[in-house]
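Each remark here refers to the structure printed beneath this line.
The values are calculated or read from the model by the stated rules, or taken from the named source; none is laboratory data. All figures in this text were calculated on a predicted structure; none of them were measured in a lab. All Cβ positions, even for glycine, are placed from backbone atoms using ideal geometry, and neighbour counts span all protein chains on display. Note: areas computed on protein heavy atoms with side chains; ligands, DNA, RNA excluded. Shrake-Rupley method; radii C 1.70, N 1.55, O 1.52, S 1.80 Å.
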Amino acid sequence: MCGIVGYIGSEEAAPILLRGLQKLEYRGYDSAGIAVWGKTGLMVRKSKGALKQLEEKIGPDLRDGALAGTMGIGHTRWATHGEPSDINSHPHTDVSGKIAVVHNGIIENHARLRTWLKEQGFKFRSDTDTEVAAHLIDFYYKGDLLQAVMAALKKLEGSYALGIICEAEPDRIIAVRKESPLVVGAGRGGNLIASDVPALLEHTREVYYLGDREIAVLYRNRIDFYNEDGEALSKKTSHVDWDAAAAEKGGYEHFMLKEIYEQPKALTDTLRARISAGEQAARIINLEEIGFDSSWAAARRVVITACGTAWHAGVIGKYAFEHFARIPVAVDVASEFRYRNPILDPQDIFIIISQSGETADTLAAMRLARKTGGRIIAITNVVGSTLAREADLVMYTWAGPEIAVASTKAFTTQLMCLYLIALQFGLLRKTIGPEELAAALRALEKIPAQAEAVLANQEKIQRFASLQFNKNKAFFMGRLFDYAVSLESALKLKEISYTHSEAFAAGELKHGPIALVDGSTLVTAICTQEALFDKMDSNIKEVKARGAGALVITWEDTDYFNETADEIFRIPRTLDSLSPMLSVIPSQLYAYYCSVLRGLDPDKPRNLAKSVTVE
Ligand code: AGP
C-alpha cells in the first residue's frame, strides 16, 4: 500500500503535493518523492525515510523557486519490491527522465517484463516493479502519452493505480487504476488525483471514483475519462461529506475496522503472484521470488517462533505443516525460545514471523537460530525491516501498513504465507500429490471472496456484541486449527475491550477451566473441524449446563449445532485445514464492537504499543 497524489492547475504544484502526501502517510512512510514539471523540464526529488526527510531535502529548492511548476505527481511509499532507499523511491522515470510514474499496487509480471525490456536495451536503476511501467510507457511513446499508457496497460498484470506525467505534454496528467484505489478531484483552480480522499479535501469535495481499468486525463480546466480501449466515458462526481479525520480512515470509524475490511484485498495480494497461472491441474506455487528451492524441503524439522498474534499464526502453521507436509514442527513463543536453551540442529529450518520485523524477542530468537547454522525464513510485513535483512529468505505479507495496535490483516496474510510454504513442502516431500495441491490452491483462491462474504454479514456480530459487550468473562474453545483461532480470538478481545478472556483446547475443559464457568460467562466455540463436531457439541453442552451462553462459529452449510448453540455465526465452506483465515474474522469484529461499545479506542489500547522493540 502506498499513497499517490497529482496536481495540475494554476498554483505551485510542489507544496500542494507535499500537503497531499502528509494526508496519505498512513498508507506508507518508508520513503517519498515528487516530480514537478517546470521551466527546466521534469524535476524529480526523492528520499528514503519519512516525508519529513523529503521536505528537509527539498526545502532550499522550494524557497529559491527551483521547483516552480504547476503540474506534478507525488508518492509516499510502503515498500514491496526493493527495500526502502532513495533509488527505489517513486516517482520512477524512463531512461531519459522524460516520463515520470507513481504507482500503488503490485505489478505481478514485473520480472518477465523487466527481462524483456532489458533485451530491448532499457537500463534499470531500481529494484521496483514500478520502474517496469515507466520503461514500458516509454517503449510505446510516439508523441501521445495517452496512447502509450493504453498500450502499456495491455501488458501489465496485477494491481495498480498509476499517475503519469510527460515532459513533452505539460498540460495533462494521466491516471489509471486496477484493483488499487484512486480518486480524481475536480477543484476550482485545478484538478487532482489521490489514493484516498483526505489528500483532496483541502481543494475540493467533488470527486470522481475511477472504476477498474478506467483512465482519467486531467487538464487544468477539464477532466476526460476513457475505458481501456480509449472509448470516452461520462462520469458523475460524488460529493464527500466526511471530515478530514474520517476520510483518513477511508470513512471507517477506526483504523482497526478499516484493516479488518482490507483483508480480502490483502489476502489476494499475498496469494496471487505466488500461484502460477494456467491450467488448473498444472498450477504450481511459485516461491522462487523468495529463493525457495527443493533443498529446503530436506529439512529435519521446522521450528517456528514469534510473539503475540504472530505466534498464533505460527501455531496454525504447525498444524498446516503437519497436515500437508508431515514434517515435525516445533512452535515457540520467542521470549521462551531465546532463554530455554532449546535443542537445535543445523538441519532445522526456522520460520520467524513478525508483522513489524522489529520485535525484540523475535529478533533475539532469530539470532539464536542463526548460531545453530540452520536456515531462516522470515515472514514479515515490512520490507527492509531488521528481520527481513537478517533472514536467509523473506516472504512478505503484502498487507500494507497496519496502524491499529491490534493485528488483523497481518495475521490472516501471515497464515496465507504459511499455507503456501506448507503446501510447497508437502509437494516436494511428496506427502501431497498434484491433485491435492490443485484442490488446495483452488480453495486458497476462493478465500478472499469468502472473507468478503463473512464481512458482508458483520451486522449479526455487531448485534450480538451489543447484547454481550458488558460480560466480563469470555472463553474461546476449539480443537486443532480451531484451538489456535481461539487463542487469537481471546487475545483480540482482551487487548482492545479489556474483557478477561481465555482460550482453551476444548478437550482441556474438564481438566480445570470448567471450574470458572458460570452464568456470567460467554463461551465462543469455534467449530470447523468436522471430524470432531460431536466432541465440540458435548463441550458446548457441558458449559451450557453450568449456565454459560454459547456462540458457535461454524460452516454455513451445517445444522449440527442448531440445537445446542444460543447463537450461530456462519462462515463459507472451505477445507477444514484452511478455516482459520475465515473463522477468525467474526472474532476480530466481535472484539472491535465490544471495544467501541465500552467507549474505548480500539486503535490505541491502554498499555500496548504497536511494535515491541524492547524486552
Ligand atoms: C497483536 O494484536 C498484538 N498487538 C501483538 O501481540 C503483536 O502481534 C506482537 O507484539 C508481535 O508483533 P510483530 O508481529 O510485529 O512481531
Accessible surface of the range 315-384 [probe 1.4 Å, protein heavy atoms]: carbon and sulfur percent:
50 percent
Just tell me, in residue order, which DSSP H segments of the chain are both 20 angstrom or longer along the helix axis (alpha-carbon based) and at least -0.5 in mean Kyte-Doolittle hydropathy.
308-325, 409-428, 434-456, 481-497, 580-597
Sequence gap at least 6, Cα distance under 8 Å: using those rules, report the relative contact order of the chain to the nearest whole percent.
11 percent
Theoretical gain in end-to-end length, Val95 to Glu542 [0.36 nm per residue, Cα-Cα removed]
153.9 nm
Under a 1.4 Å probe, what is the accessible area of the range 458-597 per residue, stated in Å²?
36 Å²
Give me the percent of DSSP beta bridges within the chain that run antiparallel, rounded to the nearest 5.
60 percent
Compute, for the range 208-353, the length of the dipole vector about the Cα centre, with Cβ point charges of +1 (Lys, Arg) and -1 (Asp, Glu) only. Units Debye, rounded to 20.
320 debye
Where a ≥ b ≥ c are root eigenvalues of the Cα gyration tensor, a/c under 1.5 meaning rounded, otherwise prolate if a/b exceeds b/c and oblate otherwise, the range 3-246 counts as rounded
Net charge of Cβ neighbours under 10 Å - reference Ala378; Lys, Arg +1; Asp, Glu -1
-1
Largest to smallest accessible area among Tyr592, Tyr219, Tyr261 [probe 1.4 Å]:
Tyr261, Tyr219, Tyr592
If amide H atoms are modeled at 1.01 Å from N in the peptide plane, then the residues at a separation of 5 or more from Arg375, or on another chain, having amide H under 5 Å from its own are Phe350
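Just in the range 532-604: which GluC sites (Glu not before Pro) are loop by DSSP and have at most 16 other Cβ atoms within 10 Å?
Here the GluC sites (Glu not before Pro) that fit, given the DSSP loop and packing criteria, are Glu556, Glu563.
Need the full-extension length gain, Arg326 to Ser466, defined as separation in residues times 0.36 nm minus the C-alpha distance. One decimal, nm.
Stretched fully, the Arg326-Ser466 segment lengthens by 46.1 nm.
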Counting as exposed only trypsin sites (Lys or Arg not before Pro) in DSSP loop states with no more than 10 other Cβ atoms inside 10 Å, the longest exposed-site-free span of the chain is 431-605
First compute the accessible area of the range 11-159 with a 1.4 Å probe, then give the percent of it belonging to carbon and sulfur atoms.
52 percent
If you roll a 1.4 Å probe over the heavy atoms of the protein chains, what accessible area per residue do you get for the range 255-449, in Å²?
34 Å²
Summing +1 for each Lys or Arg and -1 for each Asp or Glu, what net charge is found among the other residues whose Cβ lies under 14 Å from the Cβ of Asp345?
+4
Computed helical MRE - 222 nm, the chain, DSSP H runs ≥ 4 contributing -39500 (n - 2.57), nearest 500:
-11000 deg cm²/dmol
Only four residue types carry charge here, +1 at the Cβ of Lys and Arg and -1 at the Cβ of Asp and Glu. Report the dipole size of the range 458-597 about the Cα centre in Debye, rounded to the nearest 20.
400 debye
Using the Cα centre as the reference, give the magnitude of the dipole from point charges on the C-beta atoms of the chain (Lys, Arg: +1; Asp, Glu: -1; all else neutral), rounded to the nearest 20 debye.
700 debye
Give, as a single signed number, the net charge of other residues whose beta carbon lies under 12 Å from the beta carbon of Ala330, with Lys and Arg counted +1 and Asp and Glu -1.
-1
Solvent exposure of the range 3-246 as accessible area per residue, Å², 1.4 Å probe
39 Å²
Taking the Cα centroid of the range 341-408 and of the range 201-234, what is the distance between the two, rounded to the nearest whole Å?
42 Å
Net length gained if the chain between Arg19 and Phe124 were fully extended (0.36 nm per residue, minus Cα distance)
34.8 nm
Of the accessible area of the range 458-597, with the probe set at 1.4 angstrom, what percent is carbon plus sulfur?
49 percent
Kindly report, to the nearest 10 Å², the accessible surface of His511 as traced by a 1.4 Å probe over protein heavy atoms only.
140 Å²
Once each part is reduced to its C-alpha centroid, what is the distance from the range 301-335 to the range 488-562 in angstrom?
23 Å
